[in-house]
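Values in this text are rule-based calculations from the coordinates and carry no lab data. Worth saying up front: this structure is predicted, and the values here are computed from it rather than measured. All Cβ positions, glycine included, derive from the backbone under ideal geometry; neighbour counts span all protein chains shown.
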Amino acid sequence: MENNINILPPIAMLAELTHRCPLACPYCSNPMELIQKNRELNTSTWLDVFRQAAAMGVLQVHLSGGEPASRQDLAELVAGARQAGLYVNLITSGIGLNRERLIALDVAGVDHIQLSLQGVNSQVSDWVSGYQGSFQHKLSIAGDIREIGIPLTVNAVMHRHNLDDLEETLQMAYRLGARRVEVACVQFQGWALRNRAILQPTRDQVDRAKRILAGAIERFRGEMVIDFVPPDYYADFPKACMGGWGSTGLNVTPDGTLLPCHGANIIPGMEFDNVRQTRLADSWYRGLAFNAFRGGDWLPELCKNCDRKNIDFGGCRCQAMAIAGDASAADPVCKKSPHRKKVDLLLEAEAKCEPAQTFRYRRIRTKNLCD
Ligand code: FES
């Protein structure tokens, strides 16, 4: 028993193995300041983190990045997480993987692979990812994943420049053998905020997408599950980010910083623990960061008196920080928020953005990404 107040253990852990990545996606949600290779946790520290996670009740680990295949010890990490008793999901662009490495991951026990897709043809995919040849490589990796027999989810990140290809995207995910496709509209965090104007879909696109999805969910029923992550700014109410702060999940960054969510380090004044000094369970139950917005006591009056407070838990703290400049404010996306006007003005301004405008790519320059 780790605590005497009613805090349940986390269900999932996002392990950001590295920030190195061969792609240059303009919607990268990683923080503005990336962690360099010389500050990454080594293999044995990650294996200890996995054991601690399993011991405290975590059920699944998502191995993510950057591109996790940039780490040569990836199969060893998968095996260690699996031996600890965790369900292992690998989130990858596929770049840096080949058939041989996939077989090694399969032998190591990877349970599931989530493969990202930037577009339905080379022209869009390679343009968005900033990586020539990425599309053909992804098709080939998806084929290998299918042949080896590892369950596959396709993660299609959607925005103004590919949302009109939604139907084709779903067809492609099905042809690739995905059991599930996550159609995720860009979440504006980290680097993605720099490209918000060019990536923000229009209201017409969003409405069309919803109509297509309604029909497709029925058509693919029983064969492929379709999850839709709608664009935040067009919603009337906020998402229940992380299922509520400090309630179901935690993140470990490449250098071992323990975060309550992917973007939490944009919140000024927060103190984060690090796995190099602090046990996972100590941080989860007693750490300042995990307790900062846990439960309902911190909620602004607006949310405390709202009948949705147990549905969206006040929304996303990082979005409140990014738009309202105050992490403890109600999520500005909420139609009841005094800051909603800012979201509407942003949408209005961004709708006028010329589609021909160029991306600000995220390039991470290292000599050898996979060393
Ligand atoms: Fe930090 Fe939503 S991303 S609370």
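Over segment 1-136, all Cα pairs binned in 5 Å intervals from 0 give whole-percent P(r) values of 2, 10, 18, 20, 18, 15, 9, 5, 2, 1, 0, 0, listed from short to long. Using alpha carbons only, how many angstrom separate the centre of segment 1-79 from the centre of segment 212-239? Each part reduced to its Cα centre gives a spacing of 28 Å.
Taking all C-alpha pairs of segment 92-207, those more than 18 Å from each other amount to 51 percent. Considering only Cα atoms, the convex hull volume of segment 183-246 works out to 120 Å³ per residue. The calculated pair-distance distribution of segment 271-371 uses every alpha carbon pair, bins of 5 angstrom beginning at 0, and gives 2, 10, 14, 13, 13, 13, 12, 11, 8, 3, 0 percent. Taking the fewest neighbouring Cβ atoms within 10 Å as the starting point, the ordered list for K239, K341, K352 is K352, K341, K239. Working from Cα pairs under 8 Å separated by at least six residues, relative contact order for the chain is 21 percent.
Would you mind counting up the charge near R308? Only other residues with Cβ under 15 Å from its Cβ, with Lys and Arg at +1 and Asp and Glu at -1. It works out to a net charge of +1.
Amide H contacts under 5 Å for M158: A184, C185, V186, restricted to partners 5 or more places along the chain or on a different chain, H placed in the peptide plane at 1.01 Å from N. Stokes-Einstein, applied to the Kirkwood radius of the chain over Cα pairs at a viscosity of 0.890 mPa s and 25 °C, places its translational diffusion at 115 µm² s⁻¹.
Segment 242-281: Rg/Rh from Cα coordinates, Kirkwood Rh?
Radius of gyration over Kirkwood radius for segment 242-281 works out to 0.94.
Taking other C-beta atoms within 10 angstrom as a stand-in for reagent exposure, H62, H339 fall in the order H339, H62, fewest first.
Between segment 81-137 and segment 173-191, the alpha-carbon centres lie 13 Å apart. Annotation: peptides 124-132, 34-42, ranked by per-residue average of other Cβ atoms within 10 Å with the highest first, follow the order 124-132, 34-42. Against the empirical 2.2 N^0.38 Å (N residues), segment 13-72 has a Cα radius of gyration ratio of 1.21. Ranked for footprinting exposure by Cβ neighbours inside 10 Å, fewest first, F228, F290 give F228, F290.
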